[in-house]
1. Which entries of Lys2/Lys89; Lys140/Lys161; Lys237/Lys306 show an alpha-carbon separation above 29 angstrom in the structure shown?
2. Tell me what the chain gives for mean residue ellipticity at 222 nm when only DSSP H runs of n ≥ 4 count, each as -39,500 (n - 2.57), the sum divided by the residue total, rounded to 500 deg cm²/dmol.
3. Once you've got the GNM for the chain with C-alpha springs shorter than 10 Å, pick whichever of Glu176, Glu90, Glu232 has the biggest mean-square fluctuation.
4. Per the 1.4 Å probe, what fraction of the accessible area of the range 216-337, in percent, lies on carbon and sulfur atoms?
5. For the range 182-187, what does the Karplus curve 6.51 cos²θ - 1.76 cosθ + 1.60, with θ = phi - 60°, yield as ³J(HN,Hα) per residue in whole Hz, taken in order and with x for Gly and Pro?
6. Ignoring ligands, DNA and RNA, what accessible area per residue does the chain give at 1.4 Å, in Å²?
7. Could you work out which residue, out of Pro191, Pro295, Pro212, moves most in a Gaussian network model of the chain, that is, has the largest mean-square fluctuation with Cα springs under 10 Å?
8. Using alpha carbon centroids, what distance separates the range 29-69 and the range 213-261, in Å?
Amino acid sequence: MKITKHRLIEDPNVSFKQTPNIGKNFSKGLPDTIIIHYTAAPNVNSAINWLTNKSANASAHLVIARDGKITQLADFNVITWHAGKSKWKEREGLNNYSIGIEIDNCGILRKVDSKTYQHGETGPKFTKEDVMIAIHRNGKKTEAWHKYTEIQIERVKEVCKLLINEYNVKFILGHEEIAPGRKTDPGPAFPLDELREELLGKQKKEIINSFPLKGIIIKDTSLLSQPHPNSEVVYKKVSDNTEIILLQEKDSFYKVEVPLIGYVSKAHVQLDNTDNDFDGVVTTNGLNFRSKPDPKSDTLGQALSKGQKFSLLENGAAWIYIRYVAQGWIGKDKVRFL
Ligand SMILES: [Zn+2]
């Protein structure tokens, strides 16, 4: 199999069936992303019929059947309609950036009895061997997922490799990642993280070399003074969902810039309304940064130094609630890129 003039050729198990549901050609430098889907259709023919039916207003570049047969529905240089309302990093509407691969798979199955699972009320039935019980990456409870066939996963990998070479693809994403809450495909039965790691490991390192990057804390963690677990704590608890800037990496840590929030005594600061960038400055060394406006409350981490600038969140008589941006180190496993 190879790609010539934006089509897969030289493989007896590849065919082409043009879909009318297409947009313009991709802009220069695109596509640079592959989006993986499951069809959630009863079988591959119904999926292909739907995606080539004008009234569906939906399409994809490829459909991969359970026996590994591939049907291409549009040339790879043309935009297809598989992502819908979607967002990733600063991008919205991922159709304009990506090649869509649909894999014949029923998705979430309904448990009929102890031995049987079904796609919806009337769809095909499956036994346990075809089912994976797992929690979705965006979910909380276990569900039954239709397994992919080995040959399907091999074929996805084979096609992704060709696309990476031909179009300088940098990202492989699941529909579930660009439309979380609305979409669950390809779901936990598809080895998405492994595929990415295997095929894009190199590209991922290139991305990491382009610091600074936006990130978010995914698990409460301490901000440390050095890239070492036993180093001094700058701030005891950076909460999950805090947005941060990643500055560099070392071993299993990222150097980050984090907004920190707490109370300081008003006696040791000078408020300044003349500067637009900050509201005040610390006038003494070792000013305690506390969880409450109370000298007996816990300190949140390192004391502040003279000259530390901050934003004022709340002004009180003896205490003020402030925010300042600190640098420090955080374990890589506590951070996700945005
Ligand atoms: Zn999808």
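1. Lys2/Lys89; Lys140/Lys161
2. That calculation yields -4500 deg cm²/dmol at 222 nm.
3. Of the options given, Glu90 has the highest mean-square fluctuation.
4. Carbon with sulfur: 43 percent of the solvent-accessible area.
5. 8, 10, 10, 8, x, x
6. Working: 17700 Å² over 338 residues.
Using a 1.4 Å probe on heavy atoms only, each residue of the chain averages 52 Å².
7. Pro295
8. The two parts, judged by their Cα centres, are 41 Å apart.
The values are calculated or read from the model by the stated rules, or taken from the named source; none is laboratory data. Computed from a predicted model, the values in this text were never measured in an experiment. Ligands, DNA and RNA are stripped out before the accessible areas are found, and what is left, the full protein with its side chains, is counted by its heavy atoms. Shrake-Rupley method; radii C 1.70, N 1.55, O 1.52, S 1.80 Å.
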